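S.K.: Here you go, one structure.
Quick note: the coordinates plus some simple rules give every number you see, no bench work behind them. The shown structure was predicted, so the numbers you read here are calculated from the model rather than taken from an experiment. Quick reminder, even Gly has a Cβ in these numbers, built from the backbone with ideal geometry, and neighbours come from all protein chains shown.
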Amino acid sequence: MQAIPDRRKISPFLVFFLIHSIQVGAGVLGFQRIISMNSGYDGWISVILAGIVTHVLMFIMYLILEKSGGDLVSAHTLAFGKWIGNIFNLLFAIYFSLLVITIMRTYIEVLQVWMYPRLSTFMFALFFLILVYYIVNGGVRTIAGTAFFGTVLPSYLILTFAFTFKYADFRNVLPVFDHTIKDILISTKNMSLTYLGYEAILMLYPYIKEAKKSQKYAHWALFTTTTIYTLIAIISFAFFSQKQLEKTVWATLSMWKIVEMPFVERFEYIGIANWCLVILPNVCIAIWCASRTIKRMTPLRHRHALIIICILCLCTLTFITDRKQVNFLNTISGQIGFYFNFFYIPALLVLVTIMKKVRQKQ
Amino acid sequence: MKQLSLIILLICSLFLSGCVEKEILDDLYVETGKAYDYVGENKIRGTALFPIYLSDKSIQNGTLSAEASSTREVLEKLERRAQQPLVRGSLDVVLIGEKLAKKGIIDIGDSLQRDASVGARLYVTVVEGEAGELIKGNYGLRGNGTYISNLITHNIKRRELPETNLHLFLFNYFQEGQTAYLPILKQLSNESIAITGVALFDKDKMVKKIPSEDMFFFKLLVDKLAEGSHVIKMGKKPGAAEETVEASVTSLISKHKIIIKHKSDPVEVTMRIKVRGIVREYTGKKLTPDKVGEVEKKMEKDIEEKCLTMLKEFQELGIDPVGIGQNQKHGVRGFDIKEWKESIYPRTQFNVDAKVQILEAGTVE
């Protein structure tokens, strides 16, 4: 791998915004239903558990990166050699493209259900991806800037949840631990989709100045995400009765329905429009990871890889038309992400450690 | 390259703005109210209310009604007769005829909840008689929808009406160990409406009505914080046999606390109600500190008696607007709603413990 020049690298603290903004995406709008299906009002425990697991995985990822001295592609080459490694690289690129599709399709669905029923998926995705192309083309520094604004600007939204307190009954979460450990663990697994995306660090690592220092910020990002998710989960549990929550697909958006301000009758429209800012860095980072992987494994230039992935994502997006398919898409990317993070990454660490020792002996 | 991207971006924003269908306010009928009535087996009549803004800045109430089997179908039929498209985005009130309320209203609740354009703060009310007739009246100057919604809002904020809206109705309906309630309206004349009580529901069917004079006590039971006023009859006036001494007390702050002995058999429930209020009117001779104490005592007794009868009535009907089942659930692991409904709730013992504190008695003594 060529060394990355310093002027294209980012400061370690920006990792906080990169990791945080790729985690918070379309999933936040409706994860409450998914966790309460199995563990009911105890779902917030699953949110915290899943959050703790992300810390462990982040730790493992940093270990892999330090050992392989580059990014995921170098780790793959170290562990499997060039050819088999490339197969895994391709899978990784597909996985990130799948994330792009999931995020965008879920957001477009929200737009279609809540705001514009006749919005064309293709048109919106086309213009959105042109914008994404423009940003990603600017390199990691531009993406980090987008991530910064995508985190800071919409952060005021968290205050709007205070409007629900008037109707909230926080005793709903009592009694704590009313479900079996098995139920809570199933919810933890289902919750992992909402947390996904932090594995982007595997590709971003070489672009960070004094990369080792950034680990602290990555963990802070995970901690912030966990806190926000836990807060939203508890507020929604207090606001909705359980059966109501099971019927509500986008609980976070439904909560905005109660917000009352003198100058705005219905807040969810502002919330959804603002969410575009949250989605943008999300898509940018994921698509950058996918195209960067392709660039590293083939002789293609980064820009060309990016165009190919944009076009492929756009084509796939238009084929997904109804709620059932969107749901399926979410489930499948959640599943793949779960196995990728929870099984593949620890296995990779073991392999990298072994192979490094073997190579050193040679 | 940079310039090219910039140009592309500008073109994007130019075209994107024309991407979806425009909706111009002047070319729409914005529904502010909706009424549903029972007509026959599987048939309801829906009446839509929308303001028509006239050139002299006054507002005319436009209504359209149609009969169909479901609320969506009503909407479709109405659309066919409306000159401009009907939109539900700023729906303020939904009125439901008493007959329909007794048959079940969750279909209406579901259709409102399902529609993303309908807010959660809208008021759902039951109407004595025909809801369609009530909505066709002419109230106030700002249109019927605003009139009814203002009427309910200020009664919730300052008077005896318990807190209510679509979200709370659905919350109570779906919550285990709690049943829903809605306010009742009645048309007095073509120009006026009154709130005449609270309708209590079993699941989604109206089973009981709380008359307006008992609403103060009902609000004390169901709302975390309640205001409102109550007139206390203090007994005969000395000397004049016909007239009675009355004191009108306005509650400023009141709190309730439900204390449940979860494990005891039968389950014991104590409602602790605290009221702090002021005397607004006194028809006796002189309101001495002793008399104030008497008013406090009498009011405590009133609250305890009325609330206890109410709780027992709810128990007999098998409804639970106060949410006692829900409170029991918070303290018990593995709460079984069926067991609670069938064997525990009917045997529950109630106690009401009221405490009234009169802070002021006005500007005269």
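S.K.: At 222 nm, what value in deg cm²/dmol follows for chain B if DSSP H runs of at least 4 each add -39500 (n - 2.57) and the sum is divided by all its residues, to the nearest 500? Present the calculation step by step, with values, prior to reporting the outcome.
M.R.: Working: 10 runs with 115 residues, N = 365.
That comes out to -9500 deg cm²/dmol.
S.K.: May I pose another question? Return, ordered by residue number, the residues of segment A:259-290 whose backbone nitrogen is under 11 Å from a label point located 7 Å along Cα→Cβ of A:ARG7.
M.R.: Under 11 Å, as judged by backbone N against the label point of A:ARG7, lies no residue of segment A:259-290.
S.K.: List the trypsin sites (Lys or Arg not before Pro) within segment A:250-342 that fall in a DSSP loop (any state other than H, G, I, E or B) and whose Cβ has at most 16 other Cβ atoms within 10 Å. Walk me through the numbers before you get to the answer.
M.R.: Working: sites: A:LYS257, A:ARG266, A:ARG292, A:LYS295, A:ARG296, A:ARG301, A:ARG303, A:ARG323, A:LYS324; in loops: A:LYS257, A:ARG266, A:ARG301.
Loop-located and lightly packed - A:ARG301.
S.K.: Would you mind pulling out the separation of the Cα centroids of segment A:229-288 and segment A:26-95, in Å?
M.R.: 25 Å
S.K.: What number, in nm² with one decimal, is the all-direction average of the projected area of the convex hull of the alpha-carbon atoms of segment B:224-365?
M.R.: Details: hull surface 40.0 nm².
The number I arrive at for segment B:224-365 is 10.0 nm².
S.K.: Calculate, for A:VAL176 and B:VAL207, the FRET efficiency according to 1/(1 + (r/R0)^6) with r their C-beta to C-beta distance and R0 35 Å; round to the nearest 0.05. Don't skip to the end; give the middle numbers.
M.R.: Working: r = 35 Å, r/R0 = 0.99.
Between A:VAL176 and B:VAL207 the formula returns 0.50.
S.K.: Here is a follow-up. May I ask you to compute the full-extension gain from B:ASN351 to B:LYS301, defined as 0.36 nm times their residue separation minus their alpha-carbon distance, rounded to one decimal in nm?
M.R.: Values: separation 50, 0.36 × 50 = 18.00 nm, distance 1.25 nm.
Length gained, B:ASN351 through B:LYS301: 16.8 nm.
S.K.: Here's something else I'd like to know. Which FRET efficiency, nearest 0.05, do B:ASP56 and B:ILE11 yield, Cβ-Cβ r, R0 41 Å?
M.R.: 0.35
S.K.: Sticking with this structure for a sec: Pick out, from A:TYR156, A:PRO346, A:MET123, the residue whose Cα sits farthest towards the positive end of the charge dipole of the protein assembly as shown, with +1 on the Cβ of Lys and Arg and -1 on the Cβ of Asp and Glu.
M.R.: Value computed over the given set: A:PRO346.
S.K.: What list of whole percents do you get for P(r) of segment A:6-352, with Cα-Cα distances grouped in 20 Å bins up to the one holding the largest distance?
M.R.: For segment A:6-352, the pair-distance distribution reads 31, 59, 10, 0.
S.K.: Alpha carbon centre of segment B:125-146 versus segment A:296-337: separation in Å?
M.R.: Between the Cα centre of segment B:125-146 and that of segment A:296-337, the gap is 53 Å.
S.K.: Let me ask something else about it. Only four residue types carry charge here, +1 at the Cβ of Lys and Arg and -1 at the Cβ of Asp and Glu. Report the dipole size of the protein assembly as shown about the Cα centre in Debye, rounded to the nearest 20.
M.R.: Numbers: 85 positive and 67 negative charges, 679 e Å.
The calculated dipole for the protein assembly as shown is roughly 3260 debye.
S.K.: So how far apart, in nm, are the two label points at B:THR283 and A:THR318 if each is 7 Å from Cα heading toward Cβ?
M.R.: 7.9 nm
S.K.: Another question, if that's okay. Where the centre of each part is set by its Cα atoms, how far does segment B:183-220 sit from segment B:329-353, in angstrom?
M.R.: 27 Å
S.K.: Here's something else I'd like to know. Let me have the 222 nm mean residue ellipticity of chain A computed from DSSP H runs of 4+ only, each contributing -39500 (n - 2.57), with the sum over all residues rounded to the nearest 500. Please list the in-between numbers first.
M.R.: Numbers: 16 runs with 252 residues, N = 362.
Value at 222 nm, helices only: -23000 deg cm²/dmol.
S.K.: Rg to Rh for chain B: what is it, with Cα atoms only and Rh by Kirkwood?
M.R.: Numbers: Rg = 25.3 Å, Rh = 23.3 Å.
Value, to two decimals: 1.08.
S.K.: Counting other Cβ atoms within 10 Å, keep those with at most 13, restrict to DSSP loop, and tell me which trypsin sites (Lys or Arg not before Pro) in segment A:52-133 are left.
M.R.: Details: sites: A:LYS67, A:LYS82, A:ARG105, A:ARG118; in loops: A:ARG118.
In loop regions of segment A:52-133 (DSSP not H, G, I, E or B), the sparsely surrounded trypsin sites (Lys or Arg not before Pro) are A:ARG118.
S.K.: Using Cα-Cα distances under 8 Å and only pairs 6 or more residues apart, what relative contact order does segment B:280-365 have, in percent? Don't skip to the answer; put the middle values down first.
M.R.: Working: 36 pairs, mean separation 45.5, N = 86.
In percent, rounded to a whole number, it is 53.
S.K.: Of all beta bridges DSSP finds with both residues in chain B, what is the antiparallel percent, to the nearest 5? It would help to have the intermediate numbers written out before the result.
M.R.: Working: 53 of 77 bridges.
Close to 70 percent.
S.K.: Give the residues of segment A:195-217 whose amide nitrogen is closer than 19 Å to a point set 7 Å from the Cα of A:LEU231 in the direction of its Cβ.
M.R.: Counting backbone N atoms under 19 Å from the label point, the list is A:195.
S.K.: Just to be sure I follow the definition: excluding the sites themselves, where is the longest run in chain B that has none of the trypsin sites (Lys or Arg not before Pro) in a DSSP loop with at most 12 other Cβ atoms within 10 Å? Write out the running numbers ahead of the final one.
M.R.: Numbers: sites that count: B:LYS22, B:LYS57, B:LYS203, B:LYS224, B:LYS263, B:LYS285, B:LYS286, B:ARG333.
By the stated rule (loop sites, at most 12 other Cβ atoms within 10 Å), B:58-202.
S.K.: Rounding to the nearest 20 debye, state how big the charge dipole of segment A:6-352 is about its Cα centre with +1 on each Lys and Arg Cβ and -1 on each Asp and Glu Cβ.
M.R.: 880 debye
S.K.: I need to check one value: relative contact order of chain A, counting alpha carbon pairs closer than 8 Å and at least 6 residues apart, in percent. Kindly include the intermediate steps, with their values, before the conclusion.
M.R.: Values: 488 pairs, mean separation 144.9, N = 362.
Once normalised by length, the contact order is 40 percent.
S.K.: Report the calculated FRET efficiency for B:SER264 and A:GLU265 (r = Cβ-Cβ distance, R0 = 60 Å), to the nearest 0.05.
M.R.: 0.75
S.K.: Could you tell me the ratio Rg/Rh of the protein assembly as shown? Both radii from Cα atoms, Rh via Kirkwood.
M.R.: Values: Rg = 30.9 Å, Rh = 29.2 Å.
Checking Rg against Rh, the ratio lands at 1.06.
S.K.: Roughly what would the spin-label model give for B:GLU342 and B:LYS157, points 7 Å off Cα along C-beta, in nm?
M.R.: Modelled inter-label distance: 4.8 nm.
S.K.: Separate question: Just to be sure I understand: of the beta bridges DSSP finds with both ends in the protein assembly as shown, what percent are antiparallel, rounded to 5?
M.R.: Working: 54 of 79 bridges.
Bridges in the protein assembly as shown that DSSP calls antiparallel: roughly 70 percent.
S.K.: How big is the shadow of the Cα convex hull of segment B:25-212, averaged over all directions, in nm²?
M.R.: On the way: hull surface 41.8 nm².
About 10.5 nm², averaged over all directions.
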